[in-house]
Structures are given as C-alpha cells and as structure tokens.
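These notes concern the structure reproduced below.
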C-alpha cells in the first residue's frame, strides 16, 4: 500500500547551502523515523515558497545513496498572503504496511508552525 509522508523545514535565507543542507536533514529524518529504504519510495514532491530560488532542493536527495532513480519533482508553493516564508515542503509517497496513524511526519525549524498537531518533538 502507498502512503504519503509529509515534512517541512525553513531556511534563514535564500542560499544554496542552506536549502540543500536543510532539505537533506529533513529528508534523512523522515526516512529514519519511518524505517524507509530507497526502494520503498515511489516518488517525492518538493515545494518551496516563491522566495527560495537559489537551488533545487531535489539536489539534496541526489547526494544520498540509493536515491539516484527515485523520481523527484520541485515546484513553487501557492503564494498565500501571510504564509510561512523561506519554507521547503516534502511530500514523499512510500510503499509501506504501516497504518496512516503510524506514519511519522517531520517538521523542522519554523515549519513546526504548519502542523502543530503532528509535531511531537519540536526542534
């Protein structure tokens, strides 16, 4: 069965190093917290707010062993007035036997504000 796994983080500024590092840290925690292997991942969507254009966050996944052939697509998030700036969101579609309520969604930095109901360990 496939399940969606959510994650989000934020960066302090529109710099390639921050975008890649924060995306990588978020993705690695999503994978580790849910016992995911690269072959379990169907595809990954990554959205960024309009203020982030210094790098494709998908580059962070390409640096991880086993993720060369996982389809990843980057896009711009809807620009809703008052929404969290400098935000990177990940939607990973995985093959798993876990029930929906047992999926551990991960939020880092200012992005913990997006879904406080899903955040157990605020960073």
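The values are calculated or read from the model by the stated rules, or taken from the named source; none is laboratory data. Predicted, not measured: the structure shown is a model, and the values here were computed from it. Note that we place each Cβ from the backbone using ideal geometry, even for glycine, and neighbour counts take in every protein chain shown.
Screening residue 43 with (1) within 21 Å of residue 14 (Cβ to Cβ); (2) modelled with pLDDT of 95 or more; (3) surrounded by fewer than 14 Cβ atoms within 10 Å (Cβ to Cβ) gives one miss only, at (1). The residues of the stretch 46-66 that are within 14 Å of the chain's Cα centre (by Cα) and surrounded by 17 or more Cβ atoms within 10 Å (Cβ to Cβ), listed by number, are 46, 47, 48, 49, 56, 57, 58, 60, 61. Filter the stretch 94-109 down to the residues that are crowded, with 17+ Cβ neighbours inside 10 Å and not in a loop (DSSP other than H, G, I, E, B), then identify the one that is modelled with the lowest pLDDT. So, considering only residues that are crowded, with 17+ Cβ neighbours inside 10 Å and not in a loop (DSSP other than H, G, I, E, B), the one modelled with the lowest pLDDT is 109.
Listed by first and then second residue, the pairs with beta-carbon distance under 6 Å, at least 6 apart or on different chains, first residue in the stretch 20-39 and more than 16 Å from residue 58 (Cα to Cα), second surrounded by fewer than 21 Cβ atoms within 10 Å (Cβ to Cβ), are 33/104; 34/104.
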